[in-house]
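What follows is one structure encoded as structure tokens, with my remarks underneath.
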Amino acid sequence: MVFGITNEEKAQLRDAADRLYGREEDERASTTTGSTSAYETAEEGQSGDFRDSVYSYSALENELRTEHPIVAPNVTGTPVVSHAHVHDDEEEGDQSTIKASDDDGTHTPIVPSSDSINHPEPQITNDKNVASNHGDVLDTASASVITEESGHNPTAYAPASDSDSEVNRGSLRRISTTDEALEHLEELDENELNKVYSIQRIKTGGEDPIEGGDPLDIVRTLTRKHPGDEEGIEVKDLDWDLPDDPLNPHNWPKYKKWYVTLTLALACLTASLGSSLFVSGTFEMMQRFGASQTLMISGLTFYMLGLALGPVIASPLSEMIGRKWIYVFSFCCAILMAMGVGLAKNTVTLLVLRFFVGYFISPCLAIAGGSMSDMWNNSPPDMSLAVALFCLTPFLGPVIGPIIGGFAAVNKGWEWSAAWIFMIFTGFNIPLLIIAPETYKVALLKKRHMKRGTKIISHLDKDVLRKMIAFSLIRPLEMLVVEPIVAFLSLYIAFVFAVLFGFFEAFPIIFVGVYHIEQELLGLTFISIGLGLIIAIIMYTIYDWFVVYPKNPDGTRGKRDEEGNFVWDKPESKLIYAKVGGLLIVPSLFWLGWAAKKDVHWIVPVLAGLPFGFGLIWIFFGCVLYFSMSFPPVYVALALAANNMLRYIMASVFPLFTVQMYEKLHIGWASTLFGFIALLLVPIPFIFSKWGPQLRATSKYGFASYFKKIAAEKAAAAAAAASKQEQKPATGAERSQDASVNSDGTVNLVQEKV
């Protein structure tokens, strides 16, 4: 069945092309005429989506009326970038292919004639070696228009981020796409590659501009052969139907995004709450099981070890089946393990089950960040606010735990602080997680295409899962060893986080031992740390909205230059948070240690928690944001995994020796020891501010290394495709598109219907 493309679909095509080349709406209005076009399409599927959509080369030229490149499909479904340059006399001769609908609004299917298809005018020059009819994508970075009249290039590429004068001077800053960067690797440094990648990733809605995130994919979805043939389609090739596909989490209404965000924040709060709730019942458990204080405190240690190791399997598994059911399954398992803790009859059972509670509850802490990225990464200002609120909960949980657990342990017994309250929180989360929609792109598209009857080719099996688990465990450890940025910043945040868990044992010594505060009220002393965290989030949001993402006159947010282009800040700019946070942590520790005296009011050492809470989360923000800008996304996940693993392992150890340290050194010098160690760590963000660019340039996981790897893979793939095509005899059974190379290096695109 052949049918006409609706006006809405034509608008979507135009929007996709505009997004691809960064055209503003007013520019399109001035360059686009009101003429309509004819599109030759294939049969419509049962789902109602138009399938195998193929549009006429010259008709789409006439539709866009621009010298910007467009995408025309070949027989393999892979788009080939071509450039349109239409003359008035040619438009008159192709009127048979221009009219797409009758005056009454009904669509008239018009098949373009062979004359309109075999359009000899557009030619492409390409700096790459292009084999004819290989289905290769001719990158926009290297393709340009040659007109017959002049033979010169009227649309030589220019970057969106630099002025014309700089481009005319031949500045390398003219490079504005990852494809261009791949061709000039030897001429670009780490910062320039990072800038090109980061800006293009913002423009493409947060997708990886190189692997799966190329803006060409948007148009390819409308032009390629629809999945569902005998051979099927690989999972990695699945894509959204349209740029504004309602299934895409980027296009969800904000209330839906915020529901998922707050649900995941509550899940992370519950996971972190389980650590400190247990501590409040320590003294009763010592009497109940006849164990030492250190042994019972190790229940916290085993829980934290579970948090550290749980994501090793959960993270790669979420890449196979999606994130939602990982959340649901893990919470169901955690609630069963917590029940066992409450019913435990001996210390061994208690400690083993505590490990598995942490192990099963941990996935939300590891993969919830991926869900946040699925929804928000096309809008950096909104994502910044959402992530700030989301990141608050893993730090707020350990602070709230002693408050709730203190009252529960004294009035209800250790089982309530160790198990039942945690089960209530976990049980409350489960229905919210079930209602929350899946956000992972692959899982959403697999489900859609399974309903359509599409055959999905998946290479994911037990062997792949095993390799993914090894990758998620070994690579983070490797980054801790070979990457100074990851190693030292992870050590910094891990130490500060561990000090917070050391306070679970230090505060009873300070406020019960010195001020004789009742056990059930002891948890209230953590309120100041919680207030410090909340104030830090408020200040972070204010700084973010007014300094990092200021509001522009047109209502958009984010730094832009005079021409309205994105302004890229170096990763080192994010270290400002860690610098400020570090300067607050040190005095707070000295303050706590030397203010805790009988002749000093108890509120004075309590207030030391304000700067500590503020500094704690700002150091975390500085480290994590620096990671996210210093490495490509695939390596950012590994860096964060390394950070989480070290953070939880170190936090699991500190409570085991805090009591002995405070007993031997006394309150003042024990807190001072923490303060001096924190003081030694303060220069770390300042050092990376100065030497960070050099370290990133030589990094095995940096952008320079990443681009070189991709360039090598593309070269190998192109060589393999060329070799395969030479061995494959040409067939004339279906529509094809050939490219012939002229002696001057230009490429003629010729479409024909055989």
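The values are calculated or read from the model by the stated rules, or taken from the named source; none is laboratory data. All values derive from a computational prediction rather than experimental measurement. Glycine also receives a Cβ, built like all others from the backbone with ideal geometry; neighbour counts cover every protein chain displayed. Heavy atoms of the whole protein, side chains included, go into the accessibility calculation; ligands, DNA and RNA do not. Shrake-Rupley method; radii C 1.70, N 1.55, O 1.52, S 1.80 Å.
Observations, loosely collected:
- In the range 272-306, the residues that are of a type outside the set (S, T, N, Q), free of Cβ contacts under 8 Å to residues at least 40 places away in the same chain and out of contact with any Ser or Thr (no Cβ under 8 Å at 6 or more places or on another chain): G290
- Among the residues of this structure, F356 does not count as one that is over 19 Å from M645 (Cα atoms) and either within 30 Å of the chain's Cα centre (by Cα) or open to solvent by less than 20 Å² (accessible area, probe 1.4 Å) (or both).
- Any hit, the range 509-531, residues being part of a helix (DSSP H, G or I) and loosely packed, with under 14 Cβ neighbours inside 10 Å: no
- Only residues that are in contact with a Ser or Thr (Cβ under 9 Å, 6 or more places away or on another chain) and touching a residue at least 12 places away in the same chain (Cβ under 8 Å) were counted in the range 702-712, giving 5.
- Test: residue in the range 446-462 that is touching a residue at least 40 places away in the same chain (Cβ under 8 Å), open to solvent by less than 30 Å² (accessible area, probe 1.4 Å) and among the hydrophobic types (A, V, I, L, M, F, W, C): no
- Counting the residues of the range 673-713 that are assigned to a helix (DSSP H, G or I), touching a helix residue (DSSP H, G or I) at 6+ places or on another chain (Cβ under 7 Å) and of a type outside the set (A, V, I, L, M) gives 12.
- Matching entry among A366, A386 (being closer than 28 Å to T261 by Cβ, of a type in the set (G, A, S), in contact with a helix residue (DSSP H, G or I) (Cβ under 7 Å, 6 or more places away or on another chain) and open to solvent by 30 Å² or more (accessible area, probe 1.4 Å)): A366
- Meets criteria (open to solvent by 40 Å² or more (accessible area, probe 1.4 Å) and at pLDDT 90 or above) for E438: no
- Residue match in the range 701-718 (condition: under 30 Å from F471 (Cβ atoms), of a type in the set (D, E) and at pLDDT below 90): yes
Let's see how each residue does on (1) charged (D, E, K, R); (2) farther than 21 Å from H666 by Cβ; (3) without any contact (Cβ under 8 Å) to a residue 40 or more places away in the chain:
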{"site": "D554", "(1), (2), (3)": "yes, yes, yes"}
{"site": "G558", "(1), (2), (3)": "no, yes, no"}
{"site": "N565", "(1), (2), (3)": "no, yes, no"}
{"site": "K579", "(1), (2), (3)": "yes, yes, no"}
{"site": "L589", "(1), (2), (3)": "no, no, no"}
{"site": "D599", "(1), (2), (3)": "yes, no, yes"}
{"site": "W602", "(1), (2), (3)": "no, no, no"}
{"site": "P605", "(1), (2), (3)": "no, no, no"}
{"site": "A608", "(1), (2), (3)": "no, no, no"}
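- Scanning the range 392-415 for residues that are more than 23 Å from M539 (Cβ to Cβ), of a type outside the set (D, E, K, R) and open to solvent by 20 Å² or more (accessible area, probe 1.4 Å) yields I403, I404, F407, V410, N411.
Each row is one residue, and each column tells you yes or no for (1) closer than 23 Å to M304 by Cβ; (2) at pLDDT below 95; (3) surrounded by 19 or more Cβ atoms within 10 Å (Cβ to Cβ).
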residue: V636; (1), (2), (3): no, yes, no
residue: N644; (1), (2), (3): yes, yes, yes
residue: H666; (1), (2), (3): no, yes, no
residue: V682; (1), (2), (3): no, no, no
residue: P685; (1), (2), (3): no, no, yes
residue: A722; (1), (2), (3): no, yes, no
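- So G675, is it modelled with pLDDT under 95 and either of a type outside the set (S, T, Y) or surrounded by fewer than 18 Cβ atoms within 10 Å (Cβ to Cβ) (or both): no
- Flag if A498 is out of contact with any strand residue (DSSP E or B) (no Cβ under 6 Å at 6 or more places or on another chain), open to solvent by less than 10 Å² (accessible area, probe 1.4 Å) and more than 29 Å from P571 (Cβ to Cβ): no
- In a residue-by-residue description of the range 735-744, the property of being surrounded by 11 or more Cβ atoms within 10 Å (Cβ to Cβ) and modelled with pLDDT of 60 or more applies to no position.
- Within the range 488-503, residues that are closer than 18 Å to I687 by Cβ sit with their Cβ atoms under 7 Å from residues that are open to solvent by 10 Å² or more (accessible area, probe 1.4 Å) and β-branched (V, I, T), at 6+ positions apart or across chains, in these pairs: F488/I684; L489/I684; Y492/I684; F495/I677.
- Condition met for K254 (modelled with pLDDT of 55 or more, in contact with a His (Cβ under 9 Å, 6 or more places away or on another chain), surrounded by fewer than 17 Cβ atoms within 10 Å (Cβ to Cβ) and not aliphatic (A, V, I, L, M)): no
- Scanning the range 570-587 turns up one or more residues that are surrounded by 14 or more Cβ atoms within 10 Å (Cβ to Cβ) and more than 25 Å from V486 (Cβ to Cβ).
- Number of the exception - L616 against (1) in contact with a Phe, Trp or Tyr (Cβ under 7 Å, 6 or more places away or on another chain); (2) part of a loop (DSSP other than H, G, I, E, B): (2)
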